[in-house]
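Let me begin by presenting the structure, written as structure tokens, before commenting on it.
The values are calculated or read from the model by the stated rules, or taken from the named source; none is laboratory data. Source: prediction; values computed, not measured. For neighbour counting, all protein chains shown are included, and Cβ atoms are generated from backbone atoms with ideal geometry for every residue, glycine included.
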Amino acid sequence: MSGLVDAEDLALLATGFEAAMAEETRPAETDQALFDLGWAELLSAAPSQGAATAFRALGTTNSAAGLLDDVVANTLGIDISPQTCVVFPAPHQAKAPAHPQGDAVVVDGLVSARDEEATTAVLAVEADGSVRISTADARLFQSPVAGGVDPGRAFRRVSVEIPADALVPAPAGGSWDSAVAAARTALAHQLLGGARWMLAEARQHAIDRAQFGRPVASFQAIRHKLAESLVEIEGAASVAEACLEGPNPLLAALAKSLAGQAANTTATHAQQVLAGIGFTAEHRFHYWLKRMLVVDTLFGSASSLPAEIGHHLLSRGAAPRLIQL
Amino acid sequence: MDPETFRRDLGAWLDDNAHELAPPYEGAGSMDEQMAHYSYVKRSLYDAGFGRYGWPESVDGLGGSPLLRAMVGEEINLRGLCDPNPWTMIEVLVPTVIEFARPEVAAALVPPFLRGDEMWSQGFSEPDAGSDLASLSCRAAKTDGGWLVSGQKIWTSFIQYAQRCVLLTRTGEPNSAHRGITALLVDVDSPGITYSPIETMHGRLDFAEVHYDEVFVPTERLIGEENGGWQVAMDILPYERSTTFWHRGALLHRRCSDLVAHLVANGDHSDTAAKALGHAFQWLVAFRSQSRDTQHRLANGQQLGVETSIDKILITFAEQQLFGAVRDLLGGVVEFDDGIDAAMWRTDYLYSKAAPIYGGTAEIQRNIVARRLLDLGPES
């Protein structure tokens, strides 16, 4: 952790962030509230710890705040603000979301809810095997697509062609790969925050709900589902925490993959334990489930990342020892 | 001793002595060969000092953090210098014996075990007391100067090589459950002990059925309090799920690397192979990370407890993913092939089936997580 922010400060900020996120406001208002609470200063003083703190709160509260835009922009060396958004990679992928085609640039990616109010967008364009970072007018990426599974519309698909001369090269900053790793680490913390929330809901339901004259929490089939969820969450969380010890792209990929898997397992088990009520629009569970489905796809998913990790091992010719005593 | 310095010195010493420490047999070797080489490696490490760090001076150790022990076991397993299972017995039994046995008994008996001169075993399970350990019935009756032990134990590992056994006995009423259990440190050459090895499905005599017929155990061999054996057992189990698993995790890492090398040699860079490999590797890393956290809690003097069930479930999952991938990706090697490599893959694949059973079954671990970590109240 950065020496500039101690554990007590982080705990205080986490409480403040959670309170701001829990308010039912539009994402743009939540973003502004977080900046007012010192989000930008935190990210600059302790990029990974600060992001982990905020993203855990995102997962817990299920807020649609545009913090991923800030994590990626900050890693790329671009000044962050509630008016700056980022075009993210297409679902299940981590490669730059755009490539040149003649005088145009073809964009296939995702934008966050911040895109609605942003003035500047950050775009990574891959050409000839290298990634260049540019900025452009955010209105170029305002997506007409209104659909999607997530009622909070935290992320939407954007598929456009823009003129190449609309892009302004960004000053040299962090690499795209380092931005991918930072995003993956932050998203792992978000997925685990959401998974812990789902597990807590299911646990409470199992204790409160009686059938056959006893709490359903007393039945082994229910207990084992909840236990398996906790084990996957703890294993993934341990790796997500290890990512905060220093930049390591492979570890970040593992953390995101494990967190996505833990969140998927927990969502499945929690919904089964919640049973009928968990399938209704009336219970809050579905908001977390749907956000999890969306966040899992960002920067590589639990389904796409194992192959990426495996190819990495094959090209290395060995399984590296990542975690040292 | 600073852990970083220790790790560097240990690595250098192992490099310098790589030839002498390598197993003299091909593949897994026979059990006799394995045990002889285990003793040799243990003795070499002890004489060089590395095997004494992380243990207190009261048992001729050189002190220092338990992390140092974890590092030694990790290196031994990563380099494949000897079979991991005999090695684990020290980590399972010695910390608890040091804490609960009479100091003069620990001081006399532990050093030969650390030096590799002795082997110890663990007499917990019985034919009618497996997952329900507290129902054990092997009886210890009070007699002049000690106890007379009569009954039967099962799954006692390495008894045919062992000089001592940490034994759980019934000293209370038959239905006294966990309240009437006493732990004793028994000499295996005591009159009245007989055993018959049990062959495992991977073709080894890893454990045995042991009969105790009025075996005399002197008073000073009491571990903990009389009728306080459950506390001793509960102290042992977290060790069984901590340092021991850290070591085994290193072995799994080596085998994962072996799998990668095998795939590369066969030119298999398919997405199918990559996905199965990545999936297995990610759970190995999750286990290793969780186990590292456990090692640090242990090194900071924290009491390990029920949370180590998470480590057990994770390593079980990782082990099964890994050897499941081996079977899927090696194209019939496990099922059909001859030769040392195939035999090793087959052994490891079959042994992975034991992972959800030994040291508390997968179901018992989930029960512990549900009751103690999720606080779900009593089971119906």
- Scanning region A:1-25 residue by residue, those in a loop (DSSP other than H, G, I, E, B), in contact with a helix residue (DSSP H, G or I) (Cβ under 8 Å, 6 or more places away or on another chain) and surrounded by fewer than 17 Cβ atoms within 10 Å (Cβ to Cβ) turn out to be A:M1, A:S2, A:L4, A:E23, A:T25
- Note on the structure: Of the conditions (1) crowded, with 16+ Cβ neighbours inside 10 Å; (2) at pLDDT 95 or above; (3) in a helix (DSSP H, G or I), the single one that B:P356 does not satisfy is (3)
- Message: For region B:137-152, give me the residue count where each residue is touching a helix residue (DSSP H, G or I) at 6+ places or on another chain (Cβ under 9 Å) and among the hydrophobic types (A, V, I, L, M, F, W, C).
- Response: 1
- Is there a residue in region A:174-186 that is within 12 Å of another protein chain (Cβ to nearest Cβ), crowded, with 24+ Cβ neighbours inside 10 Å and either farther than 20 Å from A:F285 by Cα or modelled with pLDDT of 95 or more (or both)? no
- Across region A:53-83, what is the total count of residues that are in contact with a Gly (Cβ under 9 Å, 6 or more places away or on another chain) and not hydrophobic (A, V, I, L, M, F, W, C)? 10
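Can you pull out the residues in region A:11-26 that are at pLDDT 85 or above and under 26 Å from A:G152 (Cβ atoms)?
A:L13, A:A14, A:T15, A:G16, A:F17, A:E18, A:A19, A:A20, A:M21, A:A22, A:E23, A:R26, listed by residue number.
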- Query: Mind checking which residues of region B:359-380 are in contact with a Lys or Arg (Cβ under 9 Å, 6 or more places away or on another chain) and in a loop (DSSP other than H, G, I, E, B)?
  - Reply: B:G359, B:G360, B:L374, B:D375, B:L376, B:G377, B:P378, B:E379, B:S380
- Query: Quick check, is B:G63 surrounded by fewer than 23 Cβ atoms within 10 Å (Cβ to Cβ) and assigned by TED's automatic domain parsing to the domain that holds B:R115?
  - Reply: yes
- Specify the residue that is surrounded by the most Cβ atoms within 10 Å (Cβ to Cβ); the eligible residues are those in region B:227-259 that are over 19 Å from B:L322 (Cβ atoms) and within 14 Å of chain A (Cβ to nearest Cβ). B:T243
- Hits in region B:325-353 (condition: more than 14 Å from chain A (Cβ to nearest Cβ), touching a residue at least 60 places away in the same chain (Cβ under 8 Å) and within 24 Å of the chain's Cα centre (by Cα)): B:A343, B:M344, B:R346, B:T347, B:D348, B:L350, B:Y351, B:K353
- Which one is farthest from B:T243 (Cα to Cα), of the residues in region B:265-306 that are of a type in the set (A, V, I, L, M, F, W, C) and more than 8 Å from chain A (Cβ to nearest Cβ)? B:A265
- Item | Unique match (being buried (at least 24 other Cβ atoms within 10 Å of the Cβ) and not aliphatic (A, V, I, L, M)) among B:E319, B:E307, B:E363 | B:E319
- Message: One residue is enough: does region B:168-179 have a residue meeting the conditions in a helix (DSSP H, G or I), under 30 Å from B:L330 (Cβ atoms) and of a type outside the set (A, V, I, L, M, F, W, C)?
- Response: no
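Hey, any hits in region B:100-121 for a residue that's of a type outside the set (V, I, T), at positive phi and surrounded by fewer than 18 Cβ atoms within 10 Å (Cβ to Cβ)?
Checked against the condition, which is being of a type outside the set (V, I, T), at positive phi and surrounded by fewer than 18 Cβ atoms within 10 Å (Cβ to Cβ), region B:100-121 yields no hits at all.
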- Can you tell me which residues in region B:189-236 are over 30 Å from B:Y349 (Cα atoms) and in a strand (DSSP E or B)? B:I193, B:T194, B:H211, B:Y212, B:D213, B:E214, B:V215, B:F216, B:V217, B:P218, B:L222, B:I223
- Do you know which residues across region A:159-171 are loosely packed, with under 15 Cβ neighbours inside 10 Å and assigned to a loop (DSSP other than H, G, I, E, B)? A:P171
- Message: Residues that are out of contact with any His (no Cβ under 9 Å at 6 or more places or on another chain) and at the interface with chain B (Cβ under 9 Å from one of its Cβ atoms), at least 3 per element: which helices (runs of 4 or more DSSP H) completely within region A:230-325 meet that?
- Response: A:249-274, A:305-316
